[in-house]
Amino acid sequence: MTEKPGAEIIREYLKDMPQGPGVYRMLGADGNALYVGKAKNLKNRVSNYVSASGLSTRIMKMITLTRSLEIVTTDTEAEAFLLEANLIQKLKPRYNILLRDDKSFPFILLTGDHEFPQITKHRGARDKKGDYFGPFASAGAVNETLAILQKVFLLRPCSDAVFKSRLRPCLQYQIKRCSAPCVRYVSQEEYGELVLQAKRFLSGKSREVQENFAELMKQASEDMQYEKAAGLRDRIAALTRIQHEQNVIAGTLQNADVIALYREGDKSCIQVFFFRNGQNFGNKSYFPSHSAESSDAEILTAFIGQFYLSHPAPQMLISSHELPEISALESALTLQSGGRVEIIFPQRGEKREVMERAMQNAREALVRHLSEHATHTLMMEKVGELFNMSSTPNRIEVYDNSHIAGTHMVGAMICAGPQGFEKKHYRRFNIRSTELTPGDDYAMLREVLTRRFMRLQKEDPTRSEMWPDLVLIDGGAGQLSVTTQVFADLGVTGLCYAAIAKGPDRNAGREWLFLPGKEPFQLEPNHAVLHYLQRLRDEAHRFAIGSHRIKRSNAIRESALDQIPGIGASRKRSLLHHFGSSKGVEAATLDELQKVEGINKKVAEKIFNYFRA
């Protein structure tokens, strides 16, 4: 068998390759990474690629595409694990197992920079002062927990600015979800006790909190304070409910993630259950990208390595499969998290039961995912047939605009593929042109399409996976004409595009479809493809309106303070907290301005003179 060029290239690199731990990158002709791998011994690992025996067809193809290698040595195998995961997450090589969902998880935050701490949902960097509890699997899980915590502990959810401006209790107090510290209906000492109880509950001491409430209820009843006793009774009931919903497993799973894999061929689902302080903080499904040749252990190892780069690892990981490189993986996670991490594969007992429950969830989630995937694939096939496309579209882009009377104009693009809506590819376009007439939908569409496809021509001239197979425009003949003109001006050819417009009285189900060079036509109101196109159009409309609202809200939040040189976000915040509004700042005297934290005499004079100029 004739050796492939890639194997010869790899053999050349092997001559000077070190034998210690490290990471190697196989690069294609364009310089992009085809594969990133780690090794305890680089030379031994990479030498496996120069022999065709034992290699899968997929790996042999990767080797033929290889034109160069890059090597990074590390001191330990654990460091190689972390570097490999970092590079995979950054480069997303086509031959690696990829975790596509890298969103951060929400936490519950009890702020620590106010005399009456706020309880709120937090996502992102934990740079605010306070106590964090989580992670929770989803925003929904946090919202449900917060709603019950407010009922039980009566902690304020409002921001510091709202808290400071209140003159009377808000609706949260009326519905018994807040103790109204803003108007001092509760003392700082009493509120501090509520905060302490909430921390105890979120730290896993729910029984202790419940027993304390029971004692208080008993005492209130004996003192004939029946209304207070009834309130405590309701709070105990809410505590019981949240304990049931979170499925407390006291003493078994204090701080652990349960990771279960279920697969069918080249499709798999990894279910993660989050347990913190003995409470179940929810679960989430992941669908990593891998080949049918990847083993279960390889998929799980790759998932764990990439997942815990951006998420804090707990003390224990419970895996549904035995992992061959468990020692190095534990060392890598320990190095990453700063605390010892243990990975176990339970054979019996409660941990095994929880893991099997996670496996069942993974199985059911994969069935649903495959069903949805099959539906999307079928619909895309039908769309290709409807528009007489030469092949089934793999990427559909849908465009829409949004504005109110020509203000805060924004364009939006959503993307759909065989997996459904691909939200990471969504784009919003702030309309930049100063020449178009406000509210001119045709001019807005022209700008959006021009910017989008000029960028595609620059960044992806070979028309790879980032180019759409079908462009769908929300509109009628006018929008279709604009699209035709833009593509002609840019020299974009061979691209299928269409417009979809609502019929008389804008009734859904009576849409007209417009294609270049053809008469407009309609589909039957119950036609499956019409329903699919409606979903695409409605998603673009939803995203466009959401983008417009964000732009409008940002404009509303702007104040005169933004125009003063030297007044950044921190000083602006201090001024608004002190005076309540920009009008309050405008009316302030020079002495009053200097009393604000972070505002010295020079800055105070600048603010004072700005408003008097």
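To check you understand DSSP bridge types, tell me what percent of the beta bridges within the chain (both residues inside) are antiparallel, rounded to 5.
Values: 55 of 71 bridges.
Bridges in the chain are about 75 percent antiparallel.
The distance separating the Cα centre of region 297-316 from that of region 4-39 comes to 25 Å.
Starting from 0.36 nm per residue, how many nanometres of slack lie between L335 and K61 once their C-alpha separation is accounted for?
Details: separation 274, 0.36 × 274 = 98.64 nm, distance 3.50 nm.
Contour length minus the Cα-Cα distance gives 95.1 nm.
Mind putting a number on the dipole of the chain about its Cα centre? Charges go on the C-beta only, +1 for Lys and Arg and -1 for Asp and Glu, and I need it in Debye to the nearest 20.
1180
If you stretched the chain out fully between E12 and K583, how much longer would it get, using 0.36 nm times the residue separation minus the C-alpha to C-alpha distance? Separation in residues times 0.36 nm, less the Cα-Cα distance, equals 198.4 nm. Computed 3J(HN,Hα) for region 73-87, one whole-Hz value per residue from the Karplus formula 6.51 cos²θ - 1.76 cosθ + 1.60 where θ = phi - 60°, is 8, 10, 6, 9, 5, 4, 5, 5, 4, 5, 5, 4, 4, 4, 5, glycine and proline marked x. For the chain, the residue among A260, I607, L216 whose Cα projects farthest onto the positive side of the dipole built from Cβ charges is I607.
What FRET efficiency, computed as 1/(1 + (r/R0)^6) with R0 = 35 Å and r the Cβ-Cβ distance, is obtained for A214 and R368, rounded to the nearest 0.05? It would help to have the intermediate numbers written out before the result.
Details: r = 42 Å, r/R0 = 1.21.
The computed FRET efficiency comes out at 0.25.
As a calculated quantity, the FRET efficiency between E115 and N600 at R0 = 22 Å, using C-beta atoms, amounts to about 0.30. Using the Karplus relation 6.51 cos²θ - 1.76 cosθ + 1.60 with θ = phi - 60°, the per-residue 3J(HN,Hα) values for region 412-417 come to 9, 10, 10, 10, 9, x Hz, with x marking Gly and Pro. Expressed to the nearest 5 percent, the antiparallel share of DSSP beta bridges inside region 255-367 is 70 percent. Residues V492, V482, arranged from fewest to most other Cβ atoms within 10 angstrom of their Cβ, appear as V492, V482. Place a label point 7 angstrom from the Cα of L98 along the Cα-to-Cβ direction, then list the residues of region 441-473 whose backbone nitrogen is under 13 Å away. Only 465-466 pass the distance filter. With R₀ set to 25 Å, the beta-carbon distance separating S68 from Q457 gives a calculated FRET efficiency near 0.35.
For the pair E592 and Q225, label points projected 7 Å from Cα toward Cβ lie 4.1 nm apart. The distance separating the Cα centre of region 154-168 from that of region 365-430 comes to 42 Å.
Taking 0.36 nm per residue of separation and subtracting the Cα-Cα distance, full extension of the segment from R552 to Q174 would add 133.0 nm. Couplings 3J(HN,Hα) of region 324-333, computed from phi: x, 9, 5, 5, 5, 5, 4, 5, 5, 5 Hz, in residue order, whole Hz [Karplus 6.51 cos²θ - 1.76 cosθ + 1.60, θ = phi - 60°; x for Gly and Pro].
Considering only I343, M389, T434, the residue lying farthest towards the positive end of the dipole of the chain is T434, judged by Cα position with unit charges set on Cβ. Distances between placed amide hydrogens fall under 5 Å for S68 paired with L27, all partners being 5 or more residues away or on another chain. Antiparallel beta bridges, as assigned by DSSP with both residues in region 396-518, represent about 65 percent of the total such bridges. Extending 7 Å from Cα along the Cβ direction at R432 and again at R357 yields two label points whose distance is 5.3 nm.
In terms of its C-alpha gyration tensor, the chain has an oblate overall shape, because the principal axis ratio a/c (a ≥ b ≥ c, square roots of the eigenvalues) is not below 1.5 and a/b does not outweigh b/c.
Close amide-amide hydrogen proximity is noted between G278 and Q254, N255, each under 5 Å apart and 5 or more residues distant or on a separate chain (H modeled in the peptide plane; Pro and chain starts excluded). Only Cα pairs under 8 Å and 6+ residues apart enter the sum, and on that basis the relative contact order of region 396-518 stands at 21 percent.
Fewest neighbouring Cβ atoms within 10 Å first, the residues Y426, Y13 line up as Y426, Y13.
Mind running the shape call on region 396-518? Use the C-alpha gyration tensor, a ≥ b ≥ c as the square roots of the eigenvalues: rounded below 1.5 for a/c, prolate if a/b tops b/c, oblate otherwise.
Rounded, because the longest to shortest axis ratio a/c is under 1.5.
Computed from the coordinates by the stated procedures, all read-outs in this text should not be read as laboratory data. Nothing here was measured: the structure is a model prediction, and the numbers come from that model. Quick reminder, even Gly has a Cβ in these numbers, built from the backbone with ideal geometry, and neighbours come from all protein chains shown.
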